[in-house]
Number of protein chains: 2
Amino acid sequence: MSGFAEPVSRRGLLAGSAVAASAVALASCAKGDESGQASADASADASRAAQAGDAGSTGPENREETMGGDIVAFDGKHQAGIQTPVQAHVELVGFNLKKDTTARGAAALMRLWTEDARRLCTGENPLGSLEPELSTTPANLTVTCGWGEGFFDTVDVAKPSWLRDIQAFDHDDLRPEWGQTDIVLQICSDDPFTAAFVLRHMTRAGKDYADVAWIQQGFSHAYGSAPKGVTPRNLFGQKDGTVNPRSEEDFNEQVWIEDGPFAGGSAMVVRRIHMNLDTWEQLDRAARENSTGRTLDTGAPIGAKDEFDPVDLDARNEFGLKAIDENSHVARAHPPAEHPEQKLLRRPYNYNLPPTPETTQRGELSNAGLIFICYQKDPTTQFEPIQARLDEADRLNEWITHIGSAVYYMPAGTEGETYWGESLIRS
Amino acid sequence: MSGFAEPVSRRGLLAGSAVAASAVALASCAKGDESGQASADASADASRAAQAGDAGSTGPENREETMGGDIVAFDGKHQAGIQTPVQAHVELVGFNLKKDTTARGAAALMRLWTEDARRLCTGENPLGSLEPELSTTPANLTVTCGWGEGFFDTVDVAKPSWLRDIQAFDHDDLRPEWGQTDIVLQICSDDPFTAAFVLRHMTRAGKDYADVAWIQQGFSHAYGSAPKGVTPRNLFGQKDGTVNPRSEEDFNEQVWIEDGPFAGGSAMVVRRIHMNLDTWEQLDRAARENSTGRTLDTGAPIGAKDEFDPVDLDARNEFGLKAIDENSHVARAHPPAEHPEQKLLRRPYNYNLPPTPETTQRGELSNAGLIFICYQKDPTTQFEPIQARLDEADRLNEWITHIGSAVYYMPAGTEGETYWGESLIRS
């Protein structure tokens, strides 16, 4: 067997003890160098020079013209992965900081993760990675980071007032294994291989500072399986996301925090929702549509024609009865006239996993559901009142159960060499 | 709540107690009607008429020109899903027949599963399914069925002589939860949503006759993420499948059984292989390449230039030493001159799952590996001798462990209205 390369400790690297090439790259980073592109190039060269092997044919310049090479800009006013159209795959990872991680360590983790994510999302090989071939197909990769209360405590920064556990609801059956964590990484790509590799890379890159608490793996439709812009379906067959914000104005109104230290950021609420396919599938289509308030084929509100027709809760059918059941999902979720702010961005993914002893014992054939990820300015005025109405009387409650809950502040976007949340940590 | 539709029992349906439309459709099936297309059309119409809702816009005729509409022919001399290029996703499902399932029941299961699989693979709604919208994007869907020893016993048909547990190897650490089952369904699609839906559908459709023993969920690269024909990589970064059969002649030589009652079929061996990414990634690139015998970037044999250059085990490097280590994976897997038949079709998928208490206890960050699916004429002269050489001295054994094993006879292809293995069951 030829030589072993001792894995490079990222802690050691950041302390300045690593190879010159890497130190150069990181120095430009630590200085907050303003000469964005030049320093990025230098660091890319340094990284290539640091590779043990020759990976000549794998750089972005050699990528074929396929979806695999599609890149979502990493830097910008807001983090990518929120307004970005839903990719096919998510690896949603909750991390907890190790007990001995200091404020300095937590900042170092943000710096190294941001640097690696920026490279990965650009189809470049992260510093110190010996797998350059695996970084060449970002396939619309986004890596989006969020902070839980525990992270704010560790870095000793004041948290947003809304950053606390989501209120308890009657129908919740929350499991501690899907609960709140200090950090979340939302890794999305249209290539499942890339999503898996990036999950692996980020976990390994952060291992000196943070442990994985849970991983929620989900899917939507494959890239290219339907025309762009088609609303994806969930495993109940419903189109999911019809009333999502679409314009910049919508996003500014519903999603992006506008003022104060958290401006440019957003709030993620993630709910793991078990869906009982067995009992749902015992319903005929009329009952399914009555429960959701929309037709299953087109997704139109019942009594309307098109998916995007407005929801008219007062519309009457031929019998003079309300066309949309007042306890249907649509009716309960609809913002009341006096609270037009009760809207949010849904960015959900499906899961359909092998049965567990628990699901089998309950007599269920499947272990399926939704990783309900949503974004908004403030969960206390958006997710919580909406969910309170749903919890009270949504007909769908008969077939769904919320089994996990967590909430995170998603820092604003990065630019050039800045890292996630840097302005908060350094202020 | 409007009415419930009592779920239609497939057993009842097959016994002739179902709605007229369905009975018509099935009758043409049971008669082995030769007027293929006409009867398929009639049964499709019957199926549509039997839908509770109007799913007008979802038939194949309305599909957009996207990858989602791509169809792999279901019927043919051989089952699809073997020679078919690897799709992005697999749901490999091991089923065991229920204790009270008779020979007649097992045959009924094959008939109904074949009928449903044929429709699903063609983008049509299976008989009795109330989710027509979920069947519209086959995205190269294939559903491939295999029989273990238990199935042959139940239908009381003589099994192939090679159909028995794979011989034990020293490095095996086989877990009963990934062991032999009576039946396997290999569900592959380029759309993860479709794969999940078909898994759900087939499980539910067969629930009167068979229980799920395990589900192995895996991924390759996404459709369109790389140019067609590029050899996919596994999580060690290796190109996996370079020496696969490609021509019809290759397939006839290595994969398809030629004579006797099993002609047209093949043998699947599935091995679940845990890969220790943590220790693998401690190797530098030279050590990784030395272990596999190929370069990681191009996949060329060490000392050669191109991925598809022949493996020359006698080639010498500049120091006069063998270019390819004699215990590298390539050297050990290579068929010896006296046994040119020791080749097979690899059709592997990756898995990268959340850590388990067991993997965490071992100090591993990841829970990753390979669902190694291979096809051949006879495992006793193909998989077994190859694996015996690998088990003996393959350098990769330091980082991989076989934790599951099963072997199946894959019946020949179907035509028109025939079902999987019908000629064996009815003979």
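Does the range A:218-249 hold any residues that are in contact (Cβ under 8 Å) with a residue 24 or more places away in the chain, of a type outside the set (F, W, Y) and not in a loop (DSSP other than H, G, I, E, B), and which are they?
Answer for the range A:218-249, where residues must be in contact (Cβ under 8 Å) with a residue 24 or more places away in the chain, of a type outside the set (F, W, Y) and not in a loop (DSSP other than H, G, I, E, B): A:G218, A:K239.
I'd like the full set of residues that are among the hydrophobic types (A, V, I, L, M, F, W, C), part of a strand (DSSP E or B) and in contact with a Leu (Cβ under 7 Å, 6 or more places away or on another chain), limited to the range B:305-353.
none
Can you name the residue in the range B:204-217 that is in a loop (DSSP other than H, G, I, E, B) and touching a helix residue (DSSP H, G or I) at 6+ places or on another chain (Cβ under 6 Å) and, of all such residues, is farthest from the other protein chains (Cβ to nearest Cβ)?
B:Y209
Do you know which residues across the range B:356-393 are closer than 20 Å to B:E338 by Cα and assigned to a loop (DSSP other than H, G, I, E, B)?
Residues satisfying the conditions are B:K377, B:D378, B:P379, B:T380, B:T381, B:Q382.
To keep it simple, each residue is scored yes or no on (1) within 29 Å of A:V407 (Cα to Cα); (2) surrounded by fewer than 22 Cβ atoms within 10 Å (Cβ to Cβ); (3) more than 14 Å from chain B (Cβ to nearest Cβ); (4) aliphatic (A, V, I, L, M).
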| site | (1), (2), (3), (4) |
| --- | --- |
| A:R271 | yes, no, yes, no |
| A:F319 | no, yes, no, no |
| A:A323 | no, yes, no, yes |
| A:P340 | yes, yes, yes, no |
| A:P348 | yes, yes, no, no |
| A:Y375 | yes, no, yes, no |
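Quick one: which of A:N234, A:N276 is within 26 Å of A:G404 (Cβ to Cβ) and either of a type outside the set (S, T, N, Q) or touching a Phe, Trp or Tyr at 6+ places or on another chain (Cβ under 8 Å) (or both)?
A:N276
Give the number of residues within the range B:270-304 that are in a helix (DSSP H, G or I) and either farther than 15 Å from B:S366 by Cα or free of Cβ contacts under 8 Å to residues at least 24 places away in the same chain (or both).
Result for the range B:270-304: 8.
So B:Q186 clears everything in (1) more than 20 Å from B:R111 (Cα to Cα); (2) among the polar types (S, T, N, Q); (3) buried (at least 20 other Cβ atoms within 10 Å of the Cβ) except one condition, right? Which one?
So B:Q186 meets the others, but not (1).
For the range B:121-150, which positions are more than 14 Å from chain A (Cβ to nearest Cβ) and within 19 Å of B:E91 (Cβ to Cβ)?
B:C121, B:T122, B:T142, B:V143, B:T144, B:C145, B:G146, B:W147, B:G148
Working only within the range B:120-154, note down all residues that are under 19 Å from B:T418 (Cβ atoms), modelled with pLDDT of 95 or more and surrounded by 22 or more Cβ atoms within 10 Å (Cβ to Cβ).
B:L120, B:C121, B:E124, B:T142, B:V143, B:T144, B:C145, B:G146, B:W147, B:F151
In this structure, does A:D259 turn out to be touching a residue at least 24 places away in the same chain (Cβ under 8 Å), more than 13 Å from chain B (Cβ to nearest Cβ) and surrounded by fewer than 19 Cβ atoms within 10 Å (Cβ to Cβ)?
Judged against the criteria, A:D259 is not a match.
Give the range A:282-297 a look and list any residue that's at the interface with chain B (Cβ under 7 Å from one of its Cβ atoms) and touching a helix residue (DSSP H, G or I) at 6+ places or on another chain (Cβ under 7 Å), or say none.
Hits for the range A:282-297 are A:L296, A:D297.
The values are calculated or read from the model by the stated rules, or taken from the named source; none is laboratory data. On a predicted model such as this, the values are computed, not experimentally measured, just so you know. Virtual Cβ from ideal backbone geometry, glycine too; neighbours counted across all protein chains shown.
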